[in-house]
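The values are calculated or read from the model by the stated rules, or taken from the named source; none is laboratory data. What you see is a predicted model, and the numbers here were worked out from it, not measured in a lab. Positions of Cβ are backbone-derived with ideal geometry, glycine not excepted, and every protein chain shown enters the neighbour counts.
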Amino acid sequence: MHLAKSSSTTIAALALICCGAVWSQPVSSPDLTLKDRAYIAARTYSSVNIYFAHWAGVPHLSYETAAKSYMELALPLDQRRDFVLRTLEFLTLLRNGQTTLTDTWLTETHGQPLGFDLESRDGTWFVGASLRPDLKPGDVIKAIDNEDTAVFCADKERFIPASSPREGRTRLQSMPYLFPQKFVLTLADGRKVTVDRSRKVSPPPVQMEARWIEPGKIAYMKLPAFSTELEQAALAKLKEFFESTNLILDLRGNASGPVPLALTKAVMTGPYRGWSEMSPMSVGIINSHAQFGATPQLFWTNRVGPPELPGKYLGQIIILTDGRCSAACEDFIEPFKDSKRAILVGETTMGSSGEVFTVDFRNGIKVTVGTKREFFPDGSAFEGVGINPDFEVPLRIEDIRSGKDAALQKARDIASGT
């Protein structure tokens, strides 16, 4: 759900008066006029100033100083890619994964996928899943274009808005335009692999997977993303699993879509709580930010979902999680964790969610501002922290190489009582 747009603040109005209120170049244009750049910069500045809910995450940031520096550096940049990256670099200072910029033009012209998952654990970068025949899961990447992989990736993270360094590392592969069009990987085994992103690599379709692991006892359902179609498919399949004593829900890698509320209700058997939440009180008292050094915040606890036992799935639920599970995925998991309705197995989730205020510049560029900060129902921090599993099973290189799914195996052991 997005909040409705409001009028710009004075700085945005001044930009329009000086430059003329015009809409931007078409999506296909590699250039942005000075009028475009001034308008985007001004609206970005004002939207953050009014709606941003995460100032607590950047207590030492001088926003006005950062914004002034950003405008001085960004406005002269007439190449669209340069301007967009400079804006991302500015937004990254806010340390919030929901406060970011997307650009259709940049994605279409420079965003061809890597063709493999770039994973990082304990300072080591390696290949996760791969669609490239010359890169195998578990291959350790020592260098990219002869630069140490950790150094190369750390440099790119300054363009990745994130609520934690872990989130920044995780989101890197989802921004392939930060990589050269063609680059060489140096692997730990001495091989050099050339990655040419101009060669089309088609990812597999996003679809639900469901099967019996042990008929009547252990059912398995994987949802790599959320959508109305996938939720309906999951609900339909759930009817086949109704008599199962255990249901494993695999949400690893799930980072998109609306929260599947119908699926939640279909498996919840008792009261459950949502997030506690906080949002700026921007009406009438916005000037207090400048006067007192802090934006007033409205804080509320979420309602309790009532149990509705008829027609519910009553078996044990085990949810598989990882560091890519974010946003709606975390919104879905939280009540299961808090109510202890499910057992969580795997890795800590990303720790980045909340509703956003969106500015659509109608030229392919959109800026979103995290306007709601979420907390666990007891008030403890979630943003940049994530949801911890009950049984931690980290992703290991040796498991990837051997094809072993240690988290799924742990879930099966729990379901079997071993």
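Residues in segment 382-403 that are of a type in the set (D, E), out of contact with any helix residue (DSSP H, G or I) (no Cβ under 6 Å at 6 or more places or on another chain) and either not assigned by TED's automatic domain parsing to the domain that holds V345 or not in a loop (DSSP other than H, G, I, E, B) (or both): E392, E398. Screening the candidates L263, L251 for the property of being under 23 Å from P377 (Cα atoms), surrounded by 14 or more Cβ atoms within 10 Å (Cβ to Cβ) and within 19 Å of the chain's Cα centre (by Cα) yields one hit, L251.
Determine whether T228 is of a type outside the set (D, E) and out of contact with any Lys or Arg (no Cβ under 8 Å at 6 or more places or on another chain). In short, yes. If you go through segment 198-219 and pick out every residue that is modelled with pLDDT of 95 or more and closer than 19 Å to L118 by Cβ, you end up with 0. Out of all the residues in segment 193-212, is one or more in contact with a Leu (Cβ under 6 Å, 6 or more places away or on another chain), hydrophobic (A, V, I, L, M, F, W, C), assigned to a strand (DSSP E or B) and within 30 Å of D413 (Cβ to Cβ)? No, every residue in segment 193-212 fails to be in contact with a Leu (Cβ under 6 Å, 6 or more places away or on another chain), hydrophobic (A, V, I, L, M, F, W, C), assigned to a strand (DSSP E or B) and within 30 Å of D413 (Cβ to Cβ). Consider segment 65-93 and keep the residues that are among the charged types (D, E, K, R) and touching a residue at least 12 places away in the same chain (Cβ under 8 Å). The one that is surrounded by the fewest Cβ atoms within 10 Å (Cβ to Cβ) is D78.
Among the residues of segment 94-109, those that are surrounded by fewer than 19 Cβ atoms within 10 Å (Cβ to Cβ) and over 17 Å from the mean Cα position of the chain (by Cα) comprise T104, E108, T109.
Would you confirm, using the coordinates I've provided, whether R43 is over 19 Å from F159 (Cβ atoms), surrounded by fewer than 21 Cβ atoms within 10 Å (Cβ to Cβ), out of contact with any Pro (no Cβ under 7 Å at 6 or more places or on another chain) and not assigned by TED's automatic domain parsing to the domain that holds R401? So R43 passes the test.
The set of residues from segment 179-192 being surrounded by fewer than 13 Cβ atoms within 10 Å (Cβ to Cβ) and part of a strand (DSSP E or B) comprises K182, K192.
The set of residues in segment 47-84 that are assigned to a loop (DSSP other than H, G, I, E, B) and either within 17 Å of L101 (Cβ to Cβ) or within 24 Å of the chain's Cα centre (by Cα) (or both) comprises F52, A53, H54, V58, P59, L61, L75, L77. Annotation: A407 fulfils all but one of (1) assigned to a helix (DSSP H, G or I); (2) farther than 30 Å from D189 by Cα; the unmet one is (2).
Among the residues making up segment 346-374, those that are part of a loop (DSSP other than H, G, I, E, B), under 24 Å from G274 (Cα atoms) and not β-branched (V, I, T) are E347, M350, G351, S352, S353, G354, E355, K372. Among the residues of segment 213-234, is any among the basic types (K, R), assigned to a loop (DSSP other than H, G, I, E, B) and surrounded by fewer than 19 Cβ atoms within 10 Å (Cβ to Cβ)? There is at least one residue in segment 213-234 that is among the basic types (K, R), assigned to a loop (DSSP other than H, G, I, E, B) and surrounded by fewer than 19 Cβ atoms within 10 Å (Cβ to Cβ). Scoring V127 on the criteria (1) crowded, with 22+ Cβ neighbours inside 10 Å; (2) not assigned by TED's automatic domain parsing to the domain that holds S164 leaves a single failure, condition (2). Tell me, please, whether a residue that is in the same structural domain as L223 (by TED's automatic domain parsing), touching a Pro at 6+ places or on another chain (Cβ under 7 Å) and surrounded by fewer than 23 Cβ atoms within 10 Å (Cβ to Cβ) can be found in segment 322-337. So far as segment 322-337 goes, yes, one or more of its residues are in the same structural domain as L223 (by TED's automatic domain parsing), touching a Pro at 6+ places or on another chain (Cβ under 7 Å) and surrounded by fewer than 23 Cβ atoms within 10 Å (Cβ to Cβ).
Each row is one residue, and each column tells you yes or no for (1) under 21 Å from K200 (Cα atoms); (2) in a strand (DSSP E or B); (3) touching a residue at least 60 places away in the same chain (Cβ under 8 Å); (4) basic (K, R).
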position: T102; (1), (2), (3), (4): no, yes, yes, no
position: L114; (1), (2), (3), (4): yes, no, yes, no
position: D117; (1), (2), (3), (4): yes, yes, no, no
position: G128; (1), (2), (3), (4): yes, yes, yes, no
position: P133; (1), (2), (3), (4): yes, no, no, no
position: G138; (1), (2), (3), (4): no, no, yes, no
position: V151; (1), (2), (3), (4): no, no, no, no
position: Q173; (1), (2), (3), (4): yes, no, no, no
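Can you tell me which residue within segment 200-213, out of those that are farther than 15 Å from G253 by Cα and free of Cβ contacts under 8 Å to residues at least 40 places away in the same chain, is farthest from the chain's Cα centre (by Cα)? Filtering segment 200-213 for residues that are farther than 15 Å from G253 by Cα and free of Cβ contacts under 8 Å to residues at least 40 places away in the same chain, the one farthest from the chain's Cα centre (by Cα) comes out as W212.
I'm trying to understand the selection: among the residues of segment 360-416, which are within 30 Å of F52 (Cβ to Cβ), surrounded by 19 or more Cβ atoms within 10 Å (Cβ to Cβ) and aliphatic (A, V, I, L, M)? I365, V367, V369, I387, listed by residue number.
Of the strands (runs of 3 or more DSSP E) that lie entirely inside segment 263-341, those containing 1 or more residues that are at pLDDT below 90 span 276-280, 297-301.
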